[in-house]
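Below is one structure, written out as structure tokens; the observations come after it.
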Amino acid sequence: MSRIRLNYKIIFHFFGLLLLFNGGFMMLAALISLIYKDGVTLNLFLASLSTLLIGAAAMYGTKNHSKEMNKREGYIVVAFGWIVMSLTGTLPYMATGAMPTFTEAFFETISGYTTTGASILNDIEVLPEGVLFWRSMTHWIGGMGIIVLAIAILPLLGVGGMQLFAAEAPGPGGDKLHPRITDTAKRLWLIYFGYTVAETILLQVAGMSFFDAINHALSTLSTGGFSTKNASVAYWNDNPAIQYIIIFFMFLAGTNFVLSYYLFKGKVSNIVKDEEFKLYFKFIAIFTIIAALLIYFKADVSQSTIAHPMVLGEGESAFRHALFQVLTVITTTGFVSADYTMWTPFLTVFFFGLMFLGGSAGSTSGGVKVVRHLILIKNGFLEFKRSLHPNAILPVRYNTKSISKDIVFNVLGFFILYMLSFIIGALVFSMFQMDFESAIGLSASSLGNVGPALGEFGPVNNYAALPPLGKWWASFLMLIGRLELFTVLIIMTPFFWRNR
């Protein structure tokens, strides 16, 4: 078996393109720094310039590349593209001295790009505005997918982007807004950008400063969770309007963006008929009712909230915190309005379980995704029928259409691989002298891109206590979780690098 021959020129050409994007967004952070006069404008400008120069050099050096890209090269571009972006994304942190070491800078950066929202910072509010904006921007870039963004301009390179889209979004979904993948990417980004602008305006009207509003909008639509305040969204517990706005946009961010497109086109029936959306909505409603009742009757909200616990009464406060925390965990956003680990042991385990749910396929959220749970549930019930009627043909149906066995096997394989990754992740964390609760919480949170975990890494704590090797391991789990396991892990298999 001979080794495969890769088109390295197009791979590095694409890396160069990604770095140009990265450098451009860094320049935007430098502009914010200049506006707020935070003293690090030059540092951010130099970080941006360095990234732009590296990107331009990579593109210039590979300008005579072949235009063909196969599936293997697509996987390599996606997996290593995120790493390349994360490596250069550390430059603003290192140049401004915001992070003490490269390990901390890389952890914060990959946590941003993977929209995990886990942080090692003990005092966020002392950081310069330009750095805080860059931190939120890493969420926004990663939210819809670095690769999807680049696909939108691939016609300039004369390269088809279907291979990249398949590697970036390997889930069982696959609805297309337009036959051409580049047009799909453009429409997705237009919706994404529009929601971000809308939330920024609404948060500012509700009482946030413009800077806080735009940062939280960037974090919400990407289901990331980085905040400009140490207390996260709990800082505004005395302003329910702000929290309800964030709740609404978390819900949208956890929904398939194709459904948003249908909404704007007036095709509401497509949304109502979508099985994943209906289950996603039911999950949120049922889990919120359970959490709200337990908070109201069993928990002391004033003990678990970080500031200003009740404004409109105990009932409203219980409902709001329940809805907020259910949504922030299911959509893997990771914002905090209260410490749910203080709401009774049952609710601690309850929210831990929600870390394995995830939002909809085609959304910016992490986790397993609702559609996979739906297919697993349907196939499980059909197994009972197949036991009674072994000769019957009973296909799994989704949105009235039968699903091929390949997709069902893919979902089953993904779920098994996900749980194995979770168990191995927890075992490795336990090697760093962590207690059981902290180890399983860290593994589930990192793999699901949730952010807050359990134990000493709970909602009101951060990841600063993780040893350096623990931060690198968490970074790896974040990456494979964000790219849905197969995209990264397949590169580690021997047969990926062989012709047969």
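The values are calculated or read from the model by the stated rules, or taken from the named source; none is laboratory data. Here the structure is a predicted model, which is why all the values come from computation and not from measurement. A quick note on method: Cβ atoms are made from the backbone with ideal geometry, for glycine too, and the neighbour counts reach across all protein chains shown. Surface accessibility is based on the protein's heavy atoms, side chains included, excluding ligands, DNA and RNA. Shrake-Rupley method; radii C 1.70, N 1.55, O 1.52, S 1.80 Å.
Annotations for the structure displayed:
- At a probe radius of 1.4 angstrom, the accessible area of region 305-420 per residue rounds to 44 square angstrom.
- Between Lys71 and Phe297, the simple label model (points 7 Å from Cα in the Cβ direction) yields a spacing of 5.3 nm.
- Tyr36 versus Gln433: modelled label distance in nm, points set 7 Å from Cα along the beta carbon direction: 3.7 nm
- Long-range amide H partners of Tyr398 with built H, under 5 Å: Ile403
- Couplings 3J(HN,Hα) for region 31-47, derived from phi with the Karplus relation 6.51 cos²θ - 1.76 cosθ + 1.60 (θ = phi - 60°), are 5, 4, 4, 5, 5, 8, 6, 8, x, 10, 4, 4, 4, 5, 5, 5, 5 Hz, where x marks Gly and Pro.
- Cα lying deepest toward the dipole's positive end in region 408-500, options Gly451, Leu489, Met478, charges on Cβ: Leu489
- What you get for region 188-276, charging only the Cβ of Lys and Arg (+1) and of Asp and Glu (-1), is a dipole of about 180 debye around the Cα centre.
- Lys/Arg +1, Asp/Glu -1 at C-beta; the chain dipole; positive extreme among Gly334, Gly362, Ile11: Ile11
- Sequence-ordered 3J(HN,Hα) estimates for region 402-407 from the Karplus curve with 6.51, -1.76 and 1.60 and θ = phi - 60° stand at 6, 9, 5, 4, 4, 5 Hz, glycine and proline given as x.
- Electrostatic dipole magnitude of the chain [Cβ: Lys, Arg +1; Asp, Glu -1; Cα centre; debye, to 20]: 2340 debye
- Proximal charge balance of Thr90 [Cβ under 10 Å; K/R count +1, D/E count -1]: -2
- List Leu203, Leu87, ordered by accessible area with a 1.4 Å probe, largest first: Leu87, Leu203
- Ranking Val78, Leu382, Ile286 by how far each Cα lies toward the positive end of the dipole of the chain (charges on Cβ) leaves Leu382 at the top.
- Classified by the C-alpha gyration tensor, region 1-103 has a prolate form. Its axis ratio a/c, with a ≥ b ≥ c, is 1.5 or above, and a/b is larger than b/c.
- Length gained on full extension, Asn399 to Ala198: 69.3 nm, using 0.36 nm per residue less the C-alpha separation.
- Length gained when the stretch Leu417-Leu489 is fully extended (0.36 nm per residue, less Cα-Cα span): 24.9 nm
- Above-threshold pairs, the threshold being 31 Å between Cα atoms, out of Lys67/Lys278; Lys67/Lys267; Lys267/Lys378: Lys67/Lys278; Lys67/Lys267
- Under the combined filter of DSSP loop state and at most 14 neighbouring Cβ atoms within 10 Å, region 208-267 retains these trypsin sites (Lys or Arg not before Pro): Lys265, Lys267.
- Between Lys9 and Lys267, the simple spin-label model (points 7 angstrom out along Cα→Cβ) gives 4.0 nm.
- FRET efficiency for Glu456 and Phe409, using Cβ-Cβ distance with R0 set to 45 Å, rounded to 0.05: 0.70
- Cross-link partners for Lys9 among the aspartates and glutamates, with Cα-Cα distance under 18 Å and sequence neighbours closer than 8 places in the same chain left out: Glu68, Glu73.
- Taken one residue at a time, the phi angles of region 234-246 give Karplus couplings (6.51, -1.76, 1.60, θ = phi - 60°) of 4, 4, 10, 5, 8, 10, x, 4, 4, 5, 5, 5, 5 Hz. Gly and Pro are set to x.
- Using Cβ point charges alone (K and R +1, D and E -1), the dipole size of region 17-98 about the Cα centre works out to roughly 160 debye.
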